1. Name the residue, out of B:232, B:214, B:238, that is within 24 Å of the chain's Cα centre (by Cα), in contact (Cβ under 8 Å) with a residue 60 or more places away in the chain and closer than 20 Å to residue B:442 by Cα.
2. Does residue B:309 count as within 14 Å of chain A (Cβ to nearest Cβ), outside any strand (DSSP E or B) and touching a residue at least 24 places away in the same chain (Cβ under 8 Å)?
3. Please verify whether region B:430-443 includes one or more residues that are over 24 Å from residue B:39 (Cβ atoms) and at pLDDT below 95.
4. Name the residue, out of B:127, B:95, B:68, that is within 14 Å of chain A (Cβ to nearest Cβ) and more than 30 Å from residue B:233 (Cα to Cα).
5. Select from region B:23-40 the residues that are part of a loop (DSSP other than H, G, I, E, B) and surrounded by fewer than 19 Cβ atoms within 10 Å (Cβ to Cβ) and write down the one among them that is farthest from the other protein chains (Cβ to nearest Cβ).
6. In region B:358-377, what count of residues is obtained for those that are touching a strand residue (DSSP E or B) at 6+ places or on another chain (Cβ under 7 Å), facing another protein chain (nearest Cβ under 7 Å) and part of a loop (DSSP other than H, G, I, E, B)?
7. Quick one: is residue B:267 within 27 Å of residue B:143 (Cβ to Cβ) and either assigned to a loop (DSSP other than H, G, I, E, B) or more than 14 Å from chain A (Cβ to nearest Cβ) (or both)?
């Protein structure tokens, strides 16, 4: 009669953790179906195309997995950072930093061929780290808000990169604002013949296991959770919060950097403006859907890979613009955040006490 | 001829998951009553008051004010029915003046504050209840006691006829508490009803007219506060069994464990310490009394290495430790029970097992080369849960699901497991019920008996007096005096807490 109100929950049952992401996704699809209708298509046909086209053939299945690799990396990067409440919105910039480093190293003629791949991996991870450490130092030293700095540094990096690509680092052969191609020997080996399944996919799987191991089984993971959940208590317990934050930022940036390395060494073999269609930002949605669980990042990343690859097929078949994929990404973050509230509150309907 | 009671709660029931927090609670409050509401933690007092305040909707039951059934969905509803509440933590705007805070949310008078109207109402409250505050002082400049008075005045100005006070004396000097009691009696004298929630039994006896005791979500006893009521009797009614006071054997203080000489800190946002000199020996408990915010928390932080020293010396076991990190101080055998167990002691969202090893996770026992030894952590947690009788469904439950008493036991178990040579404890029994507090006290005395040294910071003078060998009183970042327990009286300590030094 008087509507409803939110009441704090004493306990949140475990099945909510599984149910919530699913519910968020379903709610997103329902909400977005309005847009599909507006685009003049049949909702069922559009969604079928969206989901099934990327799973229908062996080739498209592999393509989906390849697409998921950078998303797994950025999802992990955000997961690690958010666990320590280091609000890294900057995976996009860190990814580009990794990509730039990889493209630079991969194009060096003077280096021995065997050293290129390991150097690109190490250099890309390091570059991502450095770009993430910058805001982390500002946060720990001067208490500068990390949301703002990590976000804005994305633009600093992107436009800095574009200035380079349009100037001193422009590919002399193509004349486009692209970097020169990396050497053949620098390309990631292909794991499955006649596909694009490259080494980066394997690295993403290894990184998932590594992050899980770190969070679950190391003192660093323990301290990351302590700092993230209650920095005051962590400080009183003798944990060095600044050190943990910096380490977290370094690991997070390295993971994002590896996403960039994979894209350069496995897919594009150069750096250009469209290298990342917002993988760093999608990583945030993925991490939230995964509830900051590294294992959960994998299905969440695959889900978005399906949508991103499926959007093309859907668009061709039904005329719904590919941008629906972006809307779904944004909408699922919002629905997931709303759903997360239900882990702490329950809805009570106000009703008269006497019937 | 009989008028209906001021407030009547009938058959109130509320369930949270598996816990029946309120199970058919009946409560009657008449005008002129000061009702003491007693019960162990988790007995359901807070839930009951939250239902009265519209925070929770009851599953069953009925609330009536002046005999008329009312439905309360929010604190605004509660106030509209004349129910006011003074929480443990105040809801004031520090930058506003007393008058601004009083008039916040007062409707129907246009956008501008009507100064004349406000002064008039403040005058009425002073005449009726003897409560007075200067109208133009900023809230940030008031003492805790004055802020509480302001909260009460706020409730009165909004027309409260039923006033609920939750642990109102936790941060008051004995003299301030007496002032509060006088005001409460004046309210009762004018036909208002007061519900007084406290764990301090002597206050319940001093101020209430009737006592209601809750246990496991039910009212288990109700008695008029007459000559038959004693502290022991109330404690027994509350816990359902007899309570023995802690036994304190005499010890001879041993070697100096903590020496502080002319210690200073730079304040900033927190009160600064101005030349503290103290000494604590093995087998000794030094009580530190004072109204909160006079530097006690800072003293503990400085000793624990959390707050930097800006002058003077700090020695633990004969070693100068002024520049050590918290972890290095721990390694010297210093245990710490912080004031705010949910905020700085434990991490409520982590599993209990993690909290049990939080400060020691880097030690060989719990990790090797950066990898956690989950088995050892679990065994250690189970051991502590068992030996301290912590009520918990295993070591993997979220720490926050434990009751206040069990949280404190967990914290205590964690620190005592390492047999500290020096234990710092702040407000160790705040919010604990009698039985849990006794348990904690006995553990402290046991430690003292085993040649442990302890600094006990507390606002509860009863606790200070029953445990300490010597009492240091802090005021505005200074030690006013250190009294031997045999020379100390509540009145003397109370005056020192207020910053008054007796004429020599």
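The values are calculated or read from the model by the stated rules, or taken from the named source; none is laboratory data. This one's a predicted model, so the numbers in the text were calculated from it and none came from an experiment. With ideal geometry, Cβ positions are generated from the backbone for all residues, glycine too; neighbour counts draw on all protein chains shown.
1. Answer to the selection: B:238.
2. When the stated conditions are applied, residue B:309 does not pass them.
3. no
4. B:68
5. Only one residue tops the list, namely B:32.
6. 2
7. It is true that residue B:267 is within 27 Å of residue B:143 (Cβ to Cβ) and either assigned to a loop (DSSP other than H, G, I, E, B) or more than 14 Å from chain A (Cβ to nearest Cβ) (or both).
Yes or no, residue by residue, for (1) within 16 Å of residue B:276 (Cα to Cα); (2) surrounded by 23 or more Cβ atoms within 10 Å (Cβ to Cβ):
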| residue | (1), (2) |
| --- | --- |
| B:301 | yes, yes |
| B:309 | yes, no |
| B:320 | yes, no |
| B:326 | no, no |
| B:334 | no, yes |
| B:337 | no, yes |
| B:348 | no, no |
